[in-house]
1. Just to confirm my numbers, what's the Cα centroid distance between region 285-301 and region 8-42 in Å?
2. May I ask you to derive the relative contact order of the chain, considering only C-alpha pairs under 8 Å and at least 6 residues apart, and to give it as an integer percent?
3. What is the dipole size for region 65-189, taken about its Cα centre, with +1 at each Lys and Arg Cβ and -1 at each Asp and Glu Cβ, in debye to the nearest 20?
4. If the only charges are +1 at each Lys and Arg Cβ and -1 at each Asp and Glu Cβ, what is the size of the charge dipole of the chain around the Cα centre, to the nearest 20 debye?
5. Percent of accessible area on region 93-202 owned by carbon and sulfur, 1.4 Å probe?
6. Test of understanding: what is the full-extension gain from Ser157 to Glu34, defined as 0.36 nm times their sequence separation minus their Cα-Cα distance?
7. Given the options Thr396, Pro312, Val300, identify the residue whose Cα lies farthest towards the positive end of the charge dipole of the chain (+1 on Cβ of Lys, Arg; -1 on Cβ of Asp, Glu).
8. Name the residue farthest towards the positive end of the dipole of region 138-285 from the options Leu283, His205, Asn170, assuming +1 on Cβ of Lys and Arg, -1 on Cβ of Asp and Glu, about the Cα centre.
Amino acid sequence: MNDKIHVIGIGDDGDVAPEQHALIYRSNILIGGERHLAFFPDFAGQKWVIKGGLSELVKQIQAATGTVTVLASGDPLFYGIGGYLAQKLDGVVIHPHFSSVQLAFARLGVSWQDAYIASLHGKPIKGLAQKIDGRDKIALLTDDKHTPAVIADYLLSFGMTEYVAFVAENLGGPKERCGRYELEALKDQTFSPLNVVLLLKKAGHAAPRWGLGIDDSQFSQRKPDKGLITKKEVRVLSLSELNLRPDSVVWDIGTCTASVAIEAARIARDGAVYAIEKNEPDLQNAYENAQKFRADITFVHGKAPEGLQDWPDPDAVFIGGSGGEMADLLRLCAERLRPNGRIVLNAATIETLYEATQTFAHVGLSTRVTLLQTSRSKPILHMTRFEGLNPIYIITAYKEAQEA
C-alpha cells in the first residue's frame, strides 16, 4: 500500500504555499475536482478527477504506487475530504489552507472562536431555526439550493430579524466580493455559488427568550374551547421522562398545539421532531406556535398510526392523544423505538392507564407511572386561593435493560 499520501488545501485562486507547490509537482498522481486540477495544467504525472463515491477512490489510492496528492478547497479537515481519507487510509498528511469561514470572519474583522458553524451544503435546511436561535455569531456554508436569499427568507419566516447577514463570495480569488445585508434586502440578491453567510446579532436588539416550561397562555389554542393543551407542569415532567439528548429524534402523536413538540425541539436542537394531528384547526395552531417559538418541526395532518411509516425510528415518543387506536399505536411505537428509547403517554382516566400499562407489558416494555396532581394560585378579592388542575397519569415505558 502507498504510504505517501498528501492532502493539500488550496485557495479559490489555486494559491498554495511554496513548499506545497513543490510537493504537488514531485507527486506521481494528482487527484482533485476539475476546477482544482485546472490550476496545475503543466503537471506531468497522472491526473485523477474525483467523481462519484469516495469509497472507490480509496481503493484506487490503496492500489497506487508513488506519491499521491489530493487537492481540496481551504482546510481539508473542515467539512472536506481530508477527514474521510485520514480515517480510511494510513500515512495521510494534511496540509491545510485557510478555511472559507476563517477568511470570511477575517474580512469582517470579527473573532470567531465562539461562532456556531453549520453546513447546508448538500443538506436540508430543515431544523436550522432551533439550531441557531439565541446564538450571537453563526457561519453557514451554502450550496446552489440553499443560497443567501433562501436562507434569508427562511429566517424571516421564523421572525429572526435580530440578525444581520454578511455574505462573502469567492474568498481569496480575483472575484472576491463581501457585503453586509439586512435579511429583507438579502431576499432579492443573487451571489456567486461559492459563498459563505455569516449571521451576527445586532447590538441592542432584544430577541425573544423562552426557558423550559413555556407558559400555557403563550400558545395559540383552539377557540372557544381553550385549554386543550398539555399543561406546563405536565409538559415539563413529561419532557424529563423522555430523557432527550441534543440529537434525539422525537415523535409527538396527537400534537394539538404542539407545546410538547416545540419544547422538545428546543432541547433536541441537533435532532428532529415529527408531529401528527388529526384536527386541522389544531394543526394550524401548531404551525403558528412552531414559527413563534422558532421550532422547525415536521408536521403531518393525519390520524396515527397512519402516517408514521415514513418517519425515522424515534429515540423518544410522546403520546398526547391516540384517537381510539391505542393498542395498535403503542405496539408500533414499541417496535420502532431505538435502543434506550422511551415512550411517554399522558392519561387522564384510569381506563387509559390500565390499557396502556397492559399493552406495554404485552410488547415487552416495562413501565413506571407518576400521578401528577397540581394546583395553581388564583386571586380571590384581596387574597389568594389554589385551584386544582386535572390529575394526570404520566406513563413512561422503556426496555428493562435500559438505565431508567
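The values are calculated or read from the model by the stated rules, or taken from the named source; none is laboratory data. Quick caveat, the model's predicted, so the values are computed rather than measured. When we count neighbours, we look across all protein chains shown, and the Cβ atoms used for this are built from the backbone with ideal geometry, even at glycine. To get the accessible areas, we keep the full protein, side chains included, count just its heavy atoms, and leave off ligands, DNA and RNA. Shrake-Rupley method; radii C 1.70, N 1.55, O 1.52, S 1.80 Å.
1. 48
2. Normalised by residue count, the contact order of the chain is 11 percent.
3. Roughly 200 debye for region 65-189.
4. Computed about the Cα centre, the dipole is about 580 debye.
5. The computed percentage sits at 53.
6. Separation in residues times 0.36 nm, less the Cα-Cα distance, equals 40.5 nm.
7. Thr396
8. Projecting each Cα onto the dipole axis, the largest value belongs to His205.
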